[in-house]
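The next block holds one structure in the form of structure tokens; read it before the comments.
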Amino acid sequence: MTDIIPTENAGISKMSINVEELAKSSCCDDFIEDEHVDKEMIKDQNDFKQPIASFASYNGPKEPCLDMEFDELEDAHACYNAYARRNGFSIRTSHSRLAKDKSVIGIEYVCSRDGFRHKSYQEKTYKNPKPAETRIGCKAIMGLKKVGLKWIVCKFKTEHNHDLLSPRSTSLLRGHRVVTSAQKSLIDTLNKSGVPPRKIMSVLSEKSGGDYNVGCIAKDVQNYLGNRRRFLFGEGDAQKMYNYFLERQSKNPGFVYAIQVDENGYMGNCFWADARSRVAYQYFGDVVTFDATYLTNCYKMPFVPFTGVNHHHQSVMFGCALLVNEMVESYMWLLKTWLEAMLGRAPSTIITDDDKVMSKAIAEVLPNTTHRLCLWHVLQKVPEHLAYIYNKYPSFQIDFRHCIHNTITIEEFEMEWSEIVGKYELGENDWLKKLYMRREKWMPAYLRTTFCAGMSTTQRSESMNKFFKDYVRSSTMVSDFVYQYEKALDARYFKEKERDVKTKTSKPIIKTCYKMEVEAAKVYTRESFLMFQEELFNSQNYHSSKHREEGGVKIYRVALHGRESPFYEVAFEVLEKKATCTCHKFEFVGILCRHILQIFLKKSLVDTIPQHYVLERWTINAKSRIIHGISSDDIQVETQNSSNLMRNSLMLQFYEVVEVGCQSKRKYDHFSISLQKLHHEILTMDDDCHKDINDANVGSAEGPVLNSQVLSNLAFTLQDPPHVSCRGKPKSLRQKNPKENQAIKKRTCSICKKTGHVRTKCPSHKQARDISNTNLRPTNLGLIDQQSLVKCSLPTMEYPFTTTFDMSQDHVCSSTIVDIGADNINAYGTH
């Protein structure tokens, strides 16, 4: 496969999508022509573009009649359509007559229930039930012919052979439903924000004042979005994503991406990172989590985010990728590309799940990086491989958890591990042996001295996956995914800015009288300070005693007041004011632990924090250092004259006027009349408006174009990866652990000895009991004797509430069992 790694200044291929055309669909069902019509002079409605105009532009009589004249065909259609809406039916175009020059000289508008379904549709076999009949031969019609420059009603019938709807219900008819341009704009905005179609309809209903006022139904919204998706698929999903990358890079030269392409031009692995992520890595890239268990697109390509933690202890992205497979070659390509994008700086620690392929790639590309396994994923596999131990020894789980989580030093862990192996006879367990051989990668006692910013699992990556669920779904296309990723990233950085402002504009509550705490409040970010404050405050609950002295280093034992154990040993160097605790919290998290702070309290070193104990990554000024080699300044392409900014500005002004205009009937009438007048004036300026906007767009685009003359470094259209289709809603977007995919053991009935149900749901037991309850009523027990029970082929009844059944074939009716599926729900039918 070949890679596409563009230069820093790649140009942009402009692309326009006419969204209006996506929503156009025929409002008519099947069509059958009348036999008396001259087919040479008639053009089918599917070949005739119906003029679209609102009734507001027609100011003539509202009730159509014979010999009525119209200046424009749009006025005639608007008049009859409004008449149909008031009277409870919808219309469609039946026939149109053309002159020799192909101009329209005649047209017929009929009731939507005119004609009959074509025979070809009646003979067609449907997988699902046949759709209901909508055409029943209604004769209501309005025919027009062109005489000179006027359109005259030459045929008009008002009789219907069906019930008419109320004006309110008429809005649900197909002919009166339309998704307006304003609604399309709102639907596109909500869809880009990750709002599902069912909630989009709720927003439209709320904005319109009720479902009946929307003008369309949920199906219309789904059809509009579906047509839009099909249009994008026709253009090429992968190619559209590639164009988006070019556009992003033209606006921000610090944006980088790389795409693998096979020999047939199909998209392979893809990686991208913006300037903010690359700069953030230079500040907080010492610890990275790497996870590939989230499926976010219709191609089922794993989403692989590189995640870290910033100075506010928030998750931060360092780039991401979409992989076509999870082979060693894919991971090696991704790690090399990511490392190059991060200016060649490798992280000090990387945390992944327990995956052999991933481990091999990391060892090859990042040999000097400490590779740590996610503790949660490791412990999840223990019940799977040691299930027999869990069942045989209930105390094993408690002992094992204590060995993992409560051992501080390596010596304590080794001792307890040996005791567990001997106590539960696990010396010959191969899986446990392999796990023990890799203990340096996952065991907390071995990793306490390694800085991990407080992370021991890939929870950061998984929390980001959960965060992305609000923006993407399993059916999301890759071109839409990269756009949604950008929006999600903006939301994350916005939260970071909120924390920055909160830290700089507020003062935390001080809990102690030590100057050290006041200094920490000025240096640390708010979240980091709260962690330090908790350690400092709790250090007052501990006491310390000198245990020994080794070469100028004093060893203290620190424990809670009134207790001698558990204790922690703190090695303190008086001259350099350096201390090391056996809990190794500072080495692991970067915040001083309460045990070291207790020694500082004892030595009266509480005026200031030693500088070597203040990590820059947790401070307010963590991002003050200038990063060379990455262009982080975004180029502002949109000017004040651009279409988007003008639309947003007008919308804000319009909302303010609307709030005032709806305060009284007088203000409403005045605003409505003025709005119609203003609308008419703006329509006459339509051509000039388009010219001004185009001139503004051209002027605003000159800057990026001049910076780079390379529009694309791809000489062919990028083909989409294989599409993975699935029926129904996916159960989960996350790839499951093998333990989660284990089949649930089916329960066995104690009566019939069959699987799939229990005694209380047994069909044989239930059938016999129902028959007994039907025939043996408490009021009639005295009339029933033993012979009648035998004649009815029922079991012997000794007492109404203590029934014994003979489960022989003579006494039990046969039954049919239909297994529905995974939920083990059975339906029984007797015969």
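The values are calculated or read from the model by the stated rules, or taken from the named source; none is laboratory data. Note that the coordinates shown come from a computational prediction; the quantities given were computed from them, not determined experimentally. With ideal geometry, Cβ positions are generated from the backbone for all residues, glycine too; neighbour counts draw on all protein chains shown.
Please work out which one of (1) at pLDDT 90 or above; (2) in contact with a Ser or Thr (Cβ under 7 Å, 6 or more places away or on another chain) is the condition Leu246 fails and give its number. With (1) at pLDDT 90 or above; (2) in contact with a Ser or Thr (Cβ under 7 Å, 6 or more places away or on another chain) applied to Leu246, the lone miss is (1).
Against the conditions (1) out of contact with any helix residue (DSSP H, G or I) (no Cβ under 8 Å at 6 or more places or on another chain); (2) over 30 Å from Lys102 (Cβ atoms), Lys192 satisfies every one except (1).
Of the residues making up the stretch 134-163, just one is within 44 Å of the chain's Cα centre (by Cα) and surrounded by 15 or more Cβ atoms within 10 Å (Cβ to Cβ), namely Arg135. Only a single criterion out of (1) in a helix (DSSP H, G or I); (2) over 23 Å from the mean Cα position of the chain (by Cα) is not satisfied by Pro253, namely (1).
Per-residue answers, yes or no, for (1) at pLDDT below 90; (2) assigned to a helix (DSSP H, G or I):
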| residue | (1), (2) |
| --- | --- |
| Phe400 | no, yes |
| Glu416 | no, yes |
| Ile420 | no, yes |
| Gly427 | yes, no |
| Leu432 | no, yes |
| Tyr436 | no, yes |
| Glu440 | no, yes |
| Lys466 | yes, yes |
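Condition check for Glu263 on (1) modelled with pLDDT under 85; (2) touching a helix residue (DSSP H, G or I) at 6+ places or on another chain (Cβ under 9 Å); (3) part of a loop (DSSP other than H, G, I, E, B); (4) not polar (S, T, N, Q): one failure, at (2). Every test in (1) hydroxyl-bearing (Ser, Thr, Tyr); (2) in contact (Cβ under 8 Å) with a residue 24 or more places away in the chain; (3) at positive phi is passed by Ser604 save one, and that test is (2).
Among the criteria (1) more than 43 Å from the chain's Cα centre (by Cα); (2) at pLDDT below 90; (3) loosely packed, with under 15 Cβ neighbours inside 10 Å, the one Leu66 does not fulfil is (2). Being in a helix (DSSP H, G or I), closer than 30 Å to Tyr485 by Cα and either touching a residue at least 40 places away in the same chain (Cβ under 8 Å) or not assigned by TED's automatic domain parsing to the domain that holds Asn648 (or both): is that true of Val179 here? No: the conditions fail for Val179.
Only residues that are assigned to a loop (DSSP other than H, G, I, E, B), acidic (Asp, Glu) and under 22 Å from Glu159 (Cβ atoms): list them for the stretch 89-146, please.
Step one: of the stretch 89-146, the residues assigned to a loop (DSSP other than H, G, I, E, B) are 89-90, 99-103, 112-118, 124-140.
Restricting the remaining residues to those that are acidic (Asp, Glu) gives 101, 114, 133.
Matches in the stretch 89-146: Asp114, Glu133.
If the condition is being surrounded by 12 or more Cβ atoms within 10 Å (Cβ to Cβ) and in a helix (DSSP H, G or I), then the stretch 499-521 contributes Arg499, Asp500, Lys502, Thr503, Lys515, Met516, Glu517, Val518, Glu519, Ala520, Ala521.
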